[in-house]
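The structure that follows is given in the form of structure tokens.
The values are calculated or read from the model by the stated rules, or taken from the named source; none is laboratory data. Because the structure is a prediction, the values reported are computed rather than measured. For neighbour counting, all protein chains shown are included, and Cβ atoms are generated from backbone atoms with ideal geometry for every residue, glycine included.
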């Protein structure tokens, strides 16, 4: 119980991401069906995204959207951070580094406490990662259709057996 | 070194035959032009080498940097002509002229295939040989050494049959294997130990390096076996294997160019990489001496048992090469001088013998010693030349071989190595034992029964006989006029 | 204009790809000129950048003007070009350009229906590779790695061989795992440092407080494993041989020289620019282990190559061995090892290109891909064979080719750091290469082609003048394939002969980066 | 972020992931993967990453599922494991 309270509950996201990743990886390697491999791959990739999003979370924080508009009218997440850093280029205090350096500056500038917001940068990164994941999946599915056309199967063992028997472009 | 002349002559001397190769390919349909190209290139090359001779004999060296080293990142590609290089270049380029003539006679006489390829690669090999002779540092030396290995491979495998394949495979396995496996790491180790200097100029490369006896011995062995063209046992068996090549190849390459490149490299390693002083201090050279001595005796014994004439000559060559290695490893000035001279003397003697073997094959198709009975009557010039060549290799006056052997023995005596001195003497006797029966058989034994009696003289074509007569005469002349050789070798030993 | 070069080098092939998509679908003949001009622009930029960098030091380019005056380092997207990646840019664009020339008509034959798509992917791959090289941002690196990987999966799968698609699928699975590991590693780095900019991360990690941090340690392991999968480092090489040997010939010419080399570059970049040599070589102290892994990779690659009967398969296993060279060199933890590794990236790219083009021409003309079916090629295709021989000699490491000098530097590094296992592995692999290639050369040189064996008279001397001039080049492939081969062969030799200036530039790069020398000097 | 909620979703995530890998009917597996995706959207929205959640809902749960169904339609529905 001690262990549970100290190491599992506060880091539950991280535990689960590792579990999901291992599930995904296991499926990618051991599953025989190609589509199943890809399902594993999806799980694997979302696990990593989960990890990234978890980095940005702070206890008691909310979504990183500024409630009041300031002069330029930008209410977007990443920009708030970026502009605030503008005046504090020198501020790279290492104490805060496990949650990013620049948020600290917001408070000084706009009277906003960065501790109230989740770190938006990992979120932005993950938008890209999701798109990358889906395009990978798309390519993979296209390839598996092409494999099905050639071999009439999506089961790895059947495909390998057909290759062994000697088909097009087959050697040993 | 006293003074340095900067000139691109060594580069052009190298390029003369390299540039001839494409021309030879271009003229492959015009036999006359093709062979004329070979001759012109040979003469130009010899001329360029001769043009450098007066500069060298006046005690200067020629240097030419082809590719800069850029701040010591890597050694530059550099030519440097000194007495030893000059001597070797003279021998190689003069004998190329003779060999070209011989090759034309031989190849035409036997209606060989792919003659264009043969002449082209022959020319490239000669470039590589001169490159080795004129190399100004170890890197350049290694570069041309490898080039020679590769350029001679198509020549060795010329016949394209199974035997040629096997021979070619052995040839490359030994030469490339040892050069990559031993010489290259030794080279880099030297580069590191010397702090980025591989140049042959000035003091020996490792003269001031901090090197223990064990390291020194390993390095020396790596070099000597790495340059396995020198044919030291146990890395000698490529040479008999390479005898599948057409005779002109065996003659020029495996009596002069390739094998001499090997010993040339070993001499460079002794004199310019380690330096006599360092070796004397480390006391590791005697190991090489004994390996060489072993090679000398064993190869002579093997030679006696060979019935194939070319193989007998090949084993004789292995022995003679180790003479040279043994000579430098004695570390006495006279022995080193003898070694250098032996490069030239043995070249003339052995090339004569190979020419004779080829001429016999062209005229009669005979390959074996036991078939040669009575041949002296039908081929008097060839067998006469053979006798002279044999005398020179054995060291019988009045031939050049005597002089170099004299210096070698003198050097052994200087070095107080009487056991090794005995090796020289014993092996000279052995040389006689395996050569003179051939001569005896040819002149004094009657032709075997059943063979159609041939009336009068029936020699090989003139293009074959002329070269072997020239080299035979050369062997004799070297005895009477060794002045130039002595001068060049003195330049080297005096300079150390 | 000249300050926009780092952007143009990426944008040219990107717009090329778009244009190909727009214009090429109607008329397939429009694709090729677009491809060539886009790559030529990139090539020009690469050369200009190399000149600029070697004269006036690294160039920083801030995308969208988010430069350090407006925001702190690490907020904007930054491209950074130093001497190291300027060299690599030149290599990538040169290889791409040569492959593009090679693909003339060839790509159309191999992907009849999909020529525009093929060329689009081709250019997108170049964008990805060039982007990987120039980016100064650890996350963008991931995105660009995925751009190049996704296009390469598709390119591999486009072949007519059905095994190619299976290989592409495996490649995709492995590639995704690799990239994901990398991404995860970057996540841990971000957790620790709060930034993704390489220079900023490095600055923070230089603080000794992070020296022993287990987060950084985990990040490094994850990134390293990810990159190793991408470069097919020995135990993780499984995807490579099939993917590269069953794909269309143009694809193999493009992927084989570039993909693994760029991954090696990423590894070196991560080691030197993100974590810093001091941390990697001293705090971590893994040099010996990794070098031994490299030794195993080299030996295993060589042995596996020996066992192959297919020409391209054999070359693929040689790539596995060559990756071992570079990883080993980079982990020797001394200056010359690193120089050798970087120089070998350049040398190996061209050597591999040379061999793959030649092998593809051979295979096309023999209609067979087994080594023992390559009989008598030298007589039929003297020029192609010359190119092949040059590549082979470079692989063996015969002077004065580039392969010799890279081995020279690597061996020097190995001897200096006393890694004798690595030295011996390099030498053994050279010898194995010699055996491999002379086996092929012997077959190609001796073997009588069945079609030719009857006319022995074809031999020029016995019946001269009978077969006209035409025979000299009659058997060659089309010029568009042979010319790039010969250019590559020339580059392989020139890069060797003039290796000293190139190494100068590499040394300049290592000065600019937190140097390996710092670790070496501390010994 | 509400911790108990969080934990429940995470546990469900693992369960759906395992089920989607175990189901032999590929169409079913894809559907369950869709459920998995929506669960993870929920989780992210709850963790403050609304933008990621939106994207995942549209792209991850939506487009991916469509892609997979299309592929299954073109190939075979049954899987051996």
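Collect the residues in region A:20-51 that are over 27 Å from residue D:47 (Cα atoms), in a helix (DSSP H, G or I) and facing chain D (nearest Cβ under 7 Å), keeping them in residue-number order.
Hits for region A:20-51 are A:27, A:35, A:36.
Among the numbered conditions (1) closer than 24 Å to residue B:144 by Cα; (2) in contact with a helix residue (DSSP H, G or I) (Cβ under 6 Å, 6 or more places away or on another chain); (3) touching a residue at least 60 places away in the same chain (Cβ under 8 Å), tell me where residue B:262 comes up short.
So the condition that residue B:262 fails would be (3).
Can I ask one more? Somewhere in region B:91-112, is a residue more than 20 Å from residue B:352 (Cα to Cα), touching a helix residue (DSSP H, G or I) at 6+ places or on another chain (Cβ under 9 Å) and surrounded by fewer than 22 Cβ atoms within 10 Å (Cβ to Cβ)?
yes
Give the number of residues within region C:190-213 that are within 16 Å of residue C:280 (Cβ to Cβ), outside any loop (DSSP other than H, G, I, E, B) and away from chain A (no Cβ under 11 Å).
Total satisfying the criteria: 3.
Within region C:119-139, is even one residue touching a residue at least 12 places away in the same chain (Cβ under 8 Å), within 10 Å of chain A (Cβ to nearest Cβ), farther than 27 Å from residue C:344 by Cβ and in contact with a helix residue (DSSP H, G or I) (Cβ under 6 Å, 6 or more places away or on another chain)?
Looking for residues that are touching a residue at least 12 places away in the same chain (Cβ under 8 Å), within 10 Å of chain A (Cβ to nearest Cβ), farther than 27 Å from residue C:344 by Cβ and in contact with a helix residue (DSSP H, G or I) (Cβ under 6 Å, 6 or more places away or on another chain), one finds at least one in region C:119-139, hence yes.
If you don't mind, there's one more thing I want to ask. Check region C:157-166 and report whether any residue there is assigned to a helix (DSSP H, G or I), under 20 Å from the mean Cα position of the chain (by Cα) and either more than 7 Å from chain A (Cβ to nearest Cβ) or surrounded by fewer than 23 Cβ atoms within 10 Å (Cβ to Cβ) (or both).
There is no residue in region C:157-166 that is assigned to a helix (DSSP H, G or I), under 20 Å from the mean Cα position of the chain (by Cα) and either more than 7 Å from chain A (Cβ to nearest Cβ) or surrounded by fewer than 23 Cβ atoms within 10 Å (Cβ to Cβ) (or both).
Inspect region B:148-163 for any residue being touching a strand residue (DSSP E or B) at 6+ places or on another chain (Cβ under 7 Å) and within 9 Å of chain C (Cβ to nearest Cβ) and give the result as yes or no.
So far as region B:148-163 goes, no, none of its residues is touching a strand residue (DSSP E or B) at 6+ places or on another chain (Cβ under 7 Å) and within 9 Å of chain C (Cβ to nearest Cβ).
Considering each of B:211, B:176, B:206 in turn, give the residue that is in contact (Cβ under 8 Å) with a residue 12 or more places away in the chain and assigned to a helix (DSSP H, G or I).
Step by step, each of B:211, B:176, B:206 is checked, and only B:176 is in contact (Cβ under 8 Å) with a residue 12 or more places away in the chain and assigned to a helix (DSSP H, G or I).
Also: Considering every residue within region B:219-237, establish whether at least one is at pLDDT below 85, over 27 Å from residue B:87 (Cα atoms) and surrounded by fewer than 21 Cβ atoms within 10 Å (Cβ to Cβ).
Among the residues of region B:219-237, at least one is at pLDDT below 85, over 27 Å from residue B:87 (Cα atoms) and surrounded by fewer than 21 Cβ atoms within 10 Å (Cβ to Cβ), which makes the answer yes.
Quick test of your reading of the structure: residue C:113 fulfils all but one of (1) within 14 Å of another protein chain (Cβ to nearest Cβ); (2) within 21 Å of residue C:16 (Cβ to Cβ); (3) touching a residue at least 40 places away in the same chain (Cβ under 8 Å). Name the failing condition by number.
Failing condition for residue C:113: (3).
It is to be established whether one or more residues within region B:94-101 are away from chain C (no Cβ under 12 Å), part of a helix (DSSP H, G or I) and over 22 Å from residue B:355 (Cα atoms).
Scanning region B:94-101, I find no residue that is away from chain C (no Cβ under 12 Å), part of a helix (DSSP H, G or I) and over 22 Å from residue B:355 (Cα atoms), so the answer is no.
Going through region C:167-188 one residue at a time, which ones are closer than 16 Å to residue A:148 by Cβ and surrounded by fewer than 24 Cβ atoms within 10 Å (Cβ to Cβ)?
Scanning region C:167-188 gives a single hit, C:170.
Here's a follow-up. Anything in region C:284-310 that is assigned to a loop (DSSP other than H, G, I, E, B) and in contact with a strand residue (DSSP E or B) (Cβ under 7 Å, 6 or more places away or on another chain)? List them, or say none.
C:309
Only one of C:425, C:444, C:490 is modelled with pLDDT of 90 or more and touching a helix residue (DSSP H, G or I) at 6+ places or on another chain (Cβ under 8 Å). Can you tell me which?
C:425
Residues in region A:75-90: is at least one at the interface with another protein chain (Cβ under 7 Å from one of its Cβ atoms), buried (at least 16 other Cβ atoms within 10 Å of the Cβ), part of a helix (DSSP H, G or I) and modelled with pLDDT under 90?
The answer is yes; a qualifying residue exists.
Go through region D:42-81 residue by residue and tally those that are over 27 Å from residue A:32 (Cβ atoms) and either surrounded by fewer than 23 Cβ atoms within 10 Å (Cβ to Cβ) or within 8 Å of chain A (Cβ to nearest Cβ) (or both).
So the count comes out to 18.
Quick one: which of B:367, B:377 is touching a strand residue (DSSP E or B) at 6+ places or on another chain (Cβ under 8 Å) and surrounded by fewer than 21 Cβ atoms within 10 Å (Cβ to Cβ)?
Going through B:367, B:377 in turn, the sole match is B:367.
Condition (residue is within 22 Å of residue B:12 (Cβ to Cβ) and either in contact with a strand residue (DSSP E or B) (Cβ under 6 Å, 6 or more places away or on another chain) or not in a helix (DSSP H, G or I) (or both)) applied to region B:114-134: is it met by at least one residue?
For region B:114-134, residues within 22 Å of residue B:12 (Cβ to Cβ) and either in contact with a strand residue (DSSP E or B) (Cβ under 6 Å, 6 or more places away or on another chain) or not in a helix (DSSP H, G or I) (or both): present.
Could you list all residues from region C:363-393 that are under 30 Å from residue B:191 (Cβ atoms) and within 12 Å of another protein chain (Cβ to nearest Cβ)?
Once the filter is applied, which keeps residues that are under 30 Å from residue B:191 (Cβ atoms) and within 12 Å of another protein chain (Cβ to nearest Cβ), region C:363-393 yields C:389, C:390, C:392, C:393.
In addition: Please specify each residue of region C:337-381 satisfying the condition of being out of contact with any strand residue (DSSP E or B) (no Cβ under 6 Å at 6 or more places or on another chain) and part of a loop (DSSP other than H, G, I, E, B).
C:367, C:368, C:374, C:375, C:376, C:381
Quick one: how many residues across region C:394-430 are under 21 Å from residue B:77 (Cα atoms) and free of Cβ contacts under 8 Å to residues at least 12 places away in the same chain?
1
Tell me which residues, restricted to region D:7-34, are crowded, with 17+ Cβ neighbours inside 10 Å, more than 7 Å from every other protein chain (Cβ to nearest Cβ) and in a helix (DSSP H, G or I).
Within region D:7-34, D:9, D:16, D:30, D:32, D:34 qualify.
Per-residue answers, yes or no, for (1) assigned to a helix (DSSP H, G or I); (2) touching a strand residue (DSSP E or B) at 6+ places or on another chain (Cβ under 9 Å):
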{"residue": "C:86", "(1), (2)": "yes, yes"}
{"residue": "C:89", "(1), (2)": "yes, yes"}
{"residue": "C:92", "(1), (2)": "yes, no"}
{"residue": "C:95", "(1), (2)": "yes, no"}
{"residue": "C:98", "(1), (2)": "yes, no"}
{"residue": "C:109", "(1), (2)": "yes, no"}
{"residue": "C:113", "(1), (2)": "no, no"}
{"residue": "C:118", "(1), (2)": "yes, no"}
